[in-house]
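The values are calculated or read from the model by the stated rules, or taken from the named source; none is laboratory data. Since this is a predicted model, take the numbers as computed values, not measurements. Accessible surface is based on the protein model in full, side chains and every heavy atom, while ligands, DNA and RNA are left aside. Shrake-Rupley method; radii C 1.70, N 1.55, O 1.52, S 1.80 Å.
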Amino acid sequence: MNPWKGLRGLPREVWLVCASTLVNRLGTMALPFLVLYLTEGRRWTPGEAGFGMMVYGAGALAAGPFSGRLADRLGHVQVLKASLWSSGTLLLLLPLATTKPLLFALIFLWAGLTQAFWPSAMALLADLAPPEQRKAVYALHRLAVNLGMAVGPAVGGFIAHRSYTWVFWTDGLSTLAGAALLGLLLKTPPRPSPHQDQARGASPWRDRHLAFLLLPFVPLLMVFFQIEGTLPLWVVRDLSLGSRFYGLLFTVNTLIIVALEVSLNLAMARWPHGRQLFVGALCLASGFGLTAWATGRTTLILTTVIWTFGEMILFPAMSDAVATLAPPDRRGEYMGLLSLCFAAGLALGPWLGVLAYAKAGPRAVWLSAFGIALGAGLLLARFRTPRGQPLQSAG
């Protein structure tokens, strides 16, 4: 049985956007190795490295409220291209920074420019296909992201073993290649007419259903982003399993996603959003909680499998729930707020996790992660789609 059969019949432009994303993601390795770069390459303390991750998250947070609105006003394609070109260039410059203030400033800018990618891409994909194909479109995009992530961090582990500078340069070059592919092959869709632009839906900032959905999602993301905060310290520093094995965990994670996510989400297509969100949160809680006892390669791979199922269930369900709530002409802003939640989780999760790691120890971090994720999942289980909108995704 073909696990990707739900992707047939998608528009050519959707495939081009996803191909650009794949090229970009094949070189994604700078962010997963940022903590190790700062602690091993720059010889910073874990606390300073955690602050560096917080600076990245703060840059993404600063851009979050504007990136989606900018995409709706200027055009999703234009903002998407600008994000790729500028963030790729900045990655080439970042390892050349010689002082901490300059490096922090470049990390902040890199985060903000990267942040503009996600609401533009998600809104553009929705523009390029009819509503009944939305789930398949988002599944294809995540497939492209995760195919790239199957390669990028694993290759990054080998590159980091020799040169952290080339980790950033490889990431930057792949981002620029993705921008070039997008610019050469994708034509800009027509802009909305001025009349359409004036008749805009309600602001997402006043949508109570969206707030109920997104507020519990932030602590879940804080737990999830321990993969870029405390997990590398646990694997590389405490367990002495090496950066290459840490990169291999990303490969295990991504290969499972590539093989199972499309069919798993199609099987859950008629589940209410609340049920799917709770199951995803429960898997995430269990995987990270059990990491407290994962001290060898086999047990770490097993816990990675568990939280990977949480990621596969939770993230597509959340994207689809937000898309269901969003008016068509506010799609970029709604997706921008979802992207803002990711930025908040990335800003707070690794930073607080590393601080707790240094003060209370790794097992306290993993057990706390279990409680936080489970509590957030219980709240999300109560989410109901407003009357007049579908209970499950179209697809």
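Size descriptors for the chain: radius of gyration and Dmax over Cα atoms are 19.8, 61 Å. With a 1.4 Å probe and every protein chain kept in, tell me what percent of the accessible surface of the chain is carbon plus sulfur. Answer for the chain is 67 percent, counting heavy atoms of protein chains only. Each part reduced to its alpha carbon centroid, the stretch 24-93 and the stretch 302-335 end up 20 Å apart.
Within the listed set L125, L231, L184, the residue fluctuating most in the Gaussian network model of the chain (springs between alpha-carbon atoms under 10 angstrom) is L184.
Helical content of the chain, expressed as a calculated mean residue ellipticity at 222 nm, amounts to -24500 deg cm²/dmol (DSSP H runs of 4 or more residues, -39,500 (n - 2.57) each, divided by residue number, nearest 500). In summary, the convex hull built on the alpha carbon positions of the stretch 269-313 has an orientation-averaged projected area of 2.9 nm². Under 5 Å between amide hydrogens, built in the peptide plane, is the criterion, and for M268 it picks out nothing among residues at least 5 positions away or on other chains.
What the Kirkwood sum gives for the stretch 298-395 is a hydrodynamic radius of 15.9 Å, with every pair of different alpha carbons counted.
For the chain, the membrane-span-like helices by this rule, meaning whole DSSP H stretches whose C-alpha atoms cover at least 24 Å of axis and whose Kyte-Doolittle mean is -1.0 or above, are 46-74, 76-93, 134-162, 164-185, 243-267, 273-290, 297-325, 331-360, 362-380; this says nothing about an actual membrane.
So what is the accessible area of the chain per residue, in Å², with the probe set to 1.4 Å? Working shown, then result.
Details: 16010 Å² over 395 residues.
Value for the chain: 41 Å² per residue.
Ranked from largest, the principal axis spans of the Cα set of the stretch 1-60 equal 51, 27, 16 Å. Note on the stretch 358-387 and the stretch 230-253: Cα centroid distance 23 Å, given to the nearest whole angstrom.
What the phi angles of the stretch 30-44 give under the Karplus curve with 6.51, -1.76 and 1.60, with θ = phi - 60°, is a coupling list of 5, 5, x, 9, 5, 4, 5, 4, 6, 7, 9, x, 9, 6, 7 Hz, glycine and proline written as x.
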